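The values are calculated or read from the model by the stated rules, or taken from the named source; none is laboratory data. Predicted, not measured: the structure shown is a model, and the values here were computed from it. Heads up, the Cβs are rebuilt from the backbone with ideal geometry, glycines too, and the neighbour counts pull from every protein chain shown.
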Amino acid sequence: MIRTSAVGLWMLLALACSTQDRVIMVDDKDPEMIAAIAEARAHVNEFVVALKAPQPGDRSFGIKAALRDGQQVEHVWIDDVVYDGSAFSGTLGNDPELVKGHSLGESVRVVPGEISDWMYVRQDRLVGGYSIRLLRRRLTASERTELDEGLDFRVE
């Protein structure tokens with residue numbers, strides 16, 4: 001598990017297809033992460049289109065959203081995503097580490113304006129994954145290699 005020192009917001013890079021979960025702490029005022037979240041929200045309609053009509057081989061559809069417990073905030077990936085026209089629903093892809101009262105497999109519902117990221121894999125390449133790309137860039141070269149070797153898709 002990789003942890004970087006920062007205060008505030010935890011970003012969870014827990015990819016269901018990864019060989020091990022990676023937890024990376026990010027300050028809640030981090031301008032690059034704020035921009036990544038804004039970018040994900042600005043392009044969420046691309047995700048909805050792909051989710052509603054996936055191309056052959058599209059897979060690993062997920063969204064990331066914040067869970068809150070008092071002052072604690074943790075962003076977690078949500079798997080088995082469906083969209084009903086007004087909100088996404090799915091199941092938590094991991095056990096939150098900071099926020100209490102939630103667990104792996106729990107059903108959750110999130111409106112598009114509250115997501116912090118989205119992703120899917122098309123032709124073995126990551127689509128979306130704005131926070132993943134940012135956090136991956138911040139890893140050391142050896143950590144990045146280790147992460148990439150554990151993924152069943154490419155981050156370009």
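One table, with the values for the structure above:
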read-out	value
Filtered residues of the stretch 147-156 (kept if exposed (fewer than 13 other Cβ atoms within 10 Å of the Cβ) and not in a loop (DSSP other than H, G, I, E, B))	149, 154
Filter result for residue 69 (under 26 Å from residue 30 (Cβ atoms) and loosely packed, with under 14 Cβ neighbours inside 10 Å)	yes
Subset of the stretch 110-144 [among the polar types (S, T, N, Q) and over 13 Å from the mean Cα position of the chain (by Cα)]	123, 140, 142
Output for the stretch 119-156, where each listed residue is out of contact with any helix residue (DSSP H, G or I) (no Cβ under 9 Å at 6 or more places or on another chain), of a type in the set (Val, Ile, Thr) and at pLDDT 95 or above	121
Selected residue (criterion: nearest to residue 82 (Cα to Cα)) from residues of the stretch 98-108 that are of a type outside the set (S, T, N, Q) and out of contact with any Phe, Trp or Tyr (no Cβ under 7 Å at 6 or more places or on another chain)	108
Residue count for the stretch 1-51, restricted to those that are β-branched (Val, Ile, Thr), modelled with pLDDT of 50 or more and loosely packed, with under 12 Cβ neighbours inside 10 Å	1
Sole residue being closer than 21 Å to residue 143 by Cβ and not small (Gly, Ala, Ser), chosen from 52, 64, 100	64
Cβ-Cβ under 8 Å pairs, at least 6 apart or on other chains, the stretch 95-113 side without any contact (Cβ under 8 Å) to a residue 40 or more places away in the chain and hydrophobic (A, V, I, L, M, F, W, C), far side surrounded by 12 or more Cβ atoms within 10 Å (Cβ to Cβ) and part of a loop (DSSP other than H, G, I, E, B)	104/93; 104/94; 104/95; 111/87
Residue match in the stretch 93-107 (condition: hydrophobic (A, V, I, L, M, F, W, C), surrounded by 15 or more Cβ atoms within 10 Å (Cβ to Cβ) and within 15 Å of the chain's Cα centre (by Cα))	no
